[in-house]
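Okay, so here's the structure we're looking at.
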Amino acid sequence: MNSAPQDRARPTAWIVGASADRTLFVRREGDGSTRLLKRYDGGSPADAEREARSGRLAAGPGVAVMREVVADPESGRACVVQDYVDGVDLESLVRRDGACATSTAAAIGASLARTLARLAALRVDHAPYGLAHGDVKPSN
């Protein structure tokens, strides 16, 4: 007898997004935690290190915890590892539920603005003018 889908063990890793240069995986760790891995299919390991350094600098409200840079065991490519935050992006939310209530949209916008302002105010040697996300959109 076949087991029902909900009875089958979930995979330990699955792809959640991809572009020409990056592949995003969610991976369940042995300790039960879940991590997001961004594999650098293009570029260099230095690019991954730079993103991880910026992510650690950005630590705080509105930013997932950046863990480390590791080599993907299958491809050898650099992967940035960060905590996985379960949720839904704004584009999917609106597609599923329709337009947000004004109060919900205002709360999302205010939270995003606070996080971006905090990042822009950071001043360090490798980011003398602050950090910029560079890809703010409803699907992110």
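The values are calculated or read from the model by the stated rules, or taken from the named source; none is laboratory data. What you see is a predicted model, and the numbers here were worked out from it, not measured in a lab. Ligands, DNA and RNA are excluded from the accessible area calculation, which covers all protein heavy atoms including side chains. Shrake-Rupley method; radii C 1.70, N 1.55, O 1.52, S 1.80 Å.
Which percent of the accessible heavy-atom area of the range 53-140 goes to carbon and sulfur, probe 1.4 angstrom?
55
Subtract the Cα-Cα distance of V136 and L90 from 0.36 nm times their separation in residues, and report this length gain in nm to one decimal.
That works out to 15.5 nm of additional length.
Pop out the ³J(HN,Hα) list for the range 82-87 in order, Karplus 6.51 cos²θ - 1.76 cosθ + 1.60 with θ = phi - 60°, rounded to Hz; leave Gly and Pro as x.
9, 4, 8, 10, 6, x
Per-residue ellipticity at 222 nm for the chain, helices alone: DSSP H runs ≥ 4 residues times -39500 (n - 2.57), over residue total, nearest 500 deg cm²/dmol?
It comes out at -9000 deg cm²/dmol, rounded to the nearest 500.
With the other protein chains left in place, how much accessible area per residue, in square angstrom, belongs to the chain at a 1.4 angstrom probe?
That works out to 68 Å² per residue.
For the range 78-121, what are Rg and Dmax over the alpha carbons, in angstrom?
Radius of gyration, then largest Cα-Cα span, for the range 78-121: 13.8, 41 Å.
Could you give me the percent of Cα pairs per 10 Å distance bin for the chain, shortest bin first, beginning at zero and ending with the bin that holds the maximum distance?
In whole percents, the pair-distance histogram is 10, 33, 34, 19, 4, 1, 0.
Per-residue HN-Hα couplings for the range 43-60, Karplus 6.51 cos²θ - 1.76 cosθ + 1.60 at θ = phi - 60°, whole Hz, x for Gly and Pro?
Ordered by residue, 3J(HN,Hα) equals x, 10, x, 4, 5, 5, 4, 5, 5, 5, 5, 5, x, 5, 5, 7, 3, x Hz.
On average over all directions, what projected area in square nanometres does the range 24-74 have, based on the convex hull of its Cα atoms?
Spelled out: convex hull of the Cα atoms, projected over all directions, averaged, 4.2 nm².
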